[in-house]
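**Student:** Let me give you the structure first, and then I'll get to my questions.
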Amino acid sequence: MFARGFTMIELLVAMAITSILMIALFSLVGQSTASFTQTQRAVNTLSQARAFIQFFDRELSTRLPSTPLIHETRAGGGVSAAERIAFVRAISPDEENDDNPGDLHTSYYYVDYSVDMANAESPKLFRGILGASETQALISDSTSTPPFPPADPTTDEAIVPNVIGFEARPKYYAGDPAKAEDWTETSPEPASLIELTITFIDDSSAQRFRTRAEWDRLATSPRDSEKQLIRTFTRSIAIAK
């Protein structure tokens, strides 16, 4: 006696159930992969932000008291409104080199655009350095507020990519030790801290934006789908007196 095989209807039902299970499995795997990718990007940007903040903190800790603290808030919107800051610091013998002899340097930070090999523009946080002779000229400037050093994205060091916002706001305490106010050159007390804020996106997400107009739109009015790409990190850093 022969065993009865599967009918065509039974085979079709089995194939349909298998297809549904496979679709559900692929969907679950896709969601897990997307979640892992998003988490990994957040971890990478966090590590990058921490590295920059530690670097800035270390440089600011060597600032010379009673030397100019140059802070500029620029007009406009979008990336172009990022702040700029410069300060004089004493460097260690290990940092000295033949190109910049002397133990005084000026470090300055600003945001500007650069163009990659694919002719796409992207904003970066740059760090520039003035050597000892230029720093001496800056210190001896007779004006109350020395000009910001000449920034040049083609030669200065790009230290954080894809930056859409940067604030390095000097603060001072005016009576209330629990509340710091914005510092200016006319403030009655010297600056006590820098309130540092940096906003940027990861390299993978940055591939969506190729022009200044696109970056400025992201900085001022991101779409709902783009808001999750943006990471903002803030820290208050004390200024040596």
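**Student:** Return the whole-Å distance between the Cα centroid of region 45-69 and the Cα centroid of region 186-225.
**Tutor:** 18
**Student:** A further question follows. Take F200, F56 and order them by how many other Cβ atoms sit within 10 Å, fewest up front.
**Tutor:** Ordered from fewest to most neighbouring Cβ atoms within 10 Å, F200, F56 come out as F56, F200.
**Student:** Sticking with the crude label model, points 7 Å out along Cα→Cβ, report the distance from S114 to S221 in nm, one decimal please.
**Tutor:** Computed distance between label sites S114 and S221 equals 3.1 nm.
**Student:** Taking the number of other C-beta atoms within 10 Å as the exposure measure, put L193, L12, L125, L218 in order starting with the fewest.
**Tutor:** So the ranking, lowest neighbour count to highest, is L12, L193, L125, L218.
**Student:** Follow-up. Please compute the net charge surrounding D116, taking Lys and Arg as +1 and Asp and Glu as -1 over other residues with Cβ under 15 Å from its Cβ.
**Tutor:** So the environment of D116 carries a net charge of 0.
**Student:** Based on alpha-carbon positions alone, could you give the equivalent ellipsoid semi-axes of region 189-241 from the gyration tensor, as √(5λ), descending, whole Å?
**Tutor:** 31, 11, 10
**Student:** I've got another one for you. What's the extension gain from S133 to S204 if we count 0.36 nm per residue and subtract their Cα-Cα distance?
**Tutor:** Length difference between fully extended and current span is 21.4 nm.
**Student:** If you add up the charges near R89, with Lys and Arg at +1 and Asp and Glu at -1, over every other residue whose beta carbon is less than 9 angstrom from its beta carbon, what do you get?
**Tutor:** Once positives and negatives cancel, what remains is 0.
**Student:** Follow-up question, since we're still on this one. Most exposed first by the Cβ proxy, i.e. fewest other Cβ within 10 Å, how do F148, F209 rank?
**Tutor:** Ordered from fewest to most neighbouring Cβ atoms within 10 Å, F148, F209 come out as F148, F209.
**Student:** Cut-off 19 Å, label point 7 angstrom out along Cα-to-Cβ of R74: give me the residues of region 147-180 whose amide nitrogen falls inside.
**Tutor:** Label zone hits: 147-170.
**Student:** Kirkwood Rh and Cα-based Rg: tell me the resulting Rg over Rh for region 37-238, rounded to two decimals.
**Tutor:** Rounded to two decimals, Rg/Rh equals 0.98.
Taken together, the values in this text are just the output of simple stated rules run on the coordinates, not laboratory data. Since we're looking at a predicted model, the values are computed, not measured. Using ideal geometry, Cβ is built from the backbone for each residue, glycine included, and neighbour counts are taken over all protein chains shown.
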